[in-house]
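Report on the structure given below.
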Amino acid sequence: MHDTNQSAKPWAGRFNAPTDAFVEAFTASVDFDRRLYRYDIQGSIAHATMLARQGILTEAERDAIVAGLEQVRARIEAGEFEWSIPLEDVHMNIESALTQAIGDAGKKLHTGRSRNDQVATDVRLWLREEIDTIAGEIRRLQHALLDLAEREADTVLPGFTHLQVAQPITFGHHMMAWFEMLERDHDRLLDCRRRLNVMPLGAAALAGTTYPIDRAHTAALLGFDRPAENSLDAVSDRDFAIEFSADAAILMMHLSRFSEELILWSSAQFGFVELSDSFCTGSSIMPQKKNPDVPELVRGKSGRIFGHLIGLLTLMKAQPLAYNKDNQEDKEPLFDTVDNLKGSLKVYADMMAHVSCNHERMREAARQGFSTATDLADYLVRKGIPFRDAHEIVGKAVALGVREGRDLAELPLESLQQFSEAITDDVYAVLTLDGSVAARDHLGGTAPNQVRAAIARARQRLAD
Ligand code: ARG
């Protein structure tokens, strides 16, 4: 950063004293908003194009501005651009460099515009692109889950409620639950994008501008669906940022829940899955350790992303219309949310492609937990016993199993029959794990053929 003197500030005209040096640094945003340079230049090129079309700029001025902005962009991308703190932000840095490069025509770029509508436009253009990238990463993770679900459609593990073994399920079914969570996340982001894709430019500082601008034309050039209806709302609205942050928070909450399960499942006590070595790290003191750092870190990162949502809501809650400098504080939480969300999704999509399942451990855990007790109750119901009575009978059988350290399927027929004469030797067919999962054979159920059907429908959805 190099210092330029006070007279270089575009707004210096009405000031008699230079800005306090600390205030200058305190109010500047260029250290972080320079990240928006590409969108700032894109917006400026569209604005200048519209101004020339309306006869507000000459074609020669427009051409000079467009060429000058492209040259500034090339300098930024080559790392040759010197960002200046006295020039406050990305907008004034670029405009000032443009004027230095092309002279007076550069000073006309800001005609009919304000940094207030400019920054709101830049952030929307940037976030729109990031949403598209994030949506693509969600799809990549969903594809990895579909592949895993397909490989493990028949794999039996215990399903849990209250983290106690409940009923046997298939691993493919579990992965498809994650898939559905991500499907809603994807849908929410596209919905957010639809409301975001409205153009603030033309609102100028807050009230509109006296020039005969054509906002619809600028909007079309920038790929916006339409110009914002109200100039006050256009410069002050950050709903799209809050909405995106809420969507990001829900998505991170999902990844954090996935993480919790992977961390448990990869522990020695569960031993259901193994994460690839490439996604784990060791301990500097305990030679035996292989830690699930990636899921742990993703679970941890959910915290800061929830925090950014609350930060943005708080940022906006007491702001009167229209633009206030408070809004400059929207960028860092948004940038941090996007970076960490993209990183978490990327690492998850890569990691889930390399998860291996320990079929024996999962089956054993399901076998040990009386997970087919409901199947026994359903069996008794089919023999004419009311469900509540059946529940009681099975409860007693489980108590016996607990005392003897045996699963229901391991209790001899005579033992089972002491609780109900309706039990005959066909009972063992329903007490098997494979029989139990196969019996839940309806849309949304855990039966392997239902899982395969769900995968096929999901693949079709993603292809459409
Ligand atoms: N850096 C400012 C921001 O991020 C740009 C808009 C400044 N507008 C103003 N009137 N000071 O919000």
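When each of the peptides 429-435, 195-201 is scored by the mean number of other C-beta atoms lying within 10 Å of its residues, the order from highest to lowest reads 195-201, 429-435. Filter 9/107; 317/346; 9/317 down to the pairs with a C-alpha to C-alpha distance above 23 Å, please. Pairs exceeding the cut-off: 317/346; 9/317. Net charge dipole, segment 353-464: roughly 600 debye, given to the nearest 20, about the Cα centre with Cβ charges of +1 for Lys and Arg and -1 for Asp and Glu.
Quickly estimate the mean residue ellipticity at 222 nm for the chain, helices only: each DSSP H run with n ≥ 4 gives -39500 (n - 2.57), and the total goes over all residues, rounded to 500. Using -39500 (n - 2.57) per qualifying helix, the result is -20000 deg cm²/dmol. Among 170-183, 135-148, 405-418, sorting by the average number of other beta carbon atoms lying within 10 angstrom of each residue, highest first, gives 170-183, 135-148, 405-418. Bridging of residue 383 to lysines at a Cα separation below 23 Å is possible for 396, once same-chain residues fewer than 8 apart are set aside.
Taking every alpha carbon pair in the chain, what does the distance histogram look like in 10 angstrom bins from 0, in percent? Final binned percentages: 4, 16, 21, 18, 14, 11, 8, 5, 3, 1, 0. Using the Cβ-Cβ distance between residue 441 and residue 246 with R0 set to 45 Å, the FRET efficiency works out to roughly 0.75.
Other residues within the sphere of radius under 15 Å centred on the Cβ of residue 319, judged by their own Cβ, net out at -3 (K and R +1, D and E -1).
About its Cα centre, the chain has a charge dipole of approximately 500 debye under the convention of +1 per Lys or Arg Cβ and -1 per Asp or Glu Cβ, with nothing else charged. Of the DSSP H helices in the chain, those that are both long (alpha-carbon extent of 20 Å or more along the helix axis) and hydrophobic (Kyte-Doolittle mean at least -0.5) are 37-53, 59-77, 239-265, 293-316, 331-352, 387-404. Between the beta carbons of residue 71 and residue 8, assuming R0 = 22 Å, the FRET efficiency works out to 0.65 to the nearest 0.05.
Inter-label distance, residue 356 to residue 58: 7.3 nm, where each label sits 7 Å from its Cα along the C-beta direction.
For the chain, relative contact order (Cα pairs under 8 Å, six or more residues apart, normalised by length) works out to 17 percent.
The numbers here are math on the coordinates, done by the rules we state, and not lab data. Since the structure is predicted, the reported quantities are computational estimates derived from the model, not experimental observations. Glycine also receives a Cβ, built like all others from the backbone with ideal geometry; neighbour counts cover every protein chain displayed.
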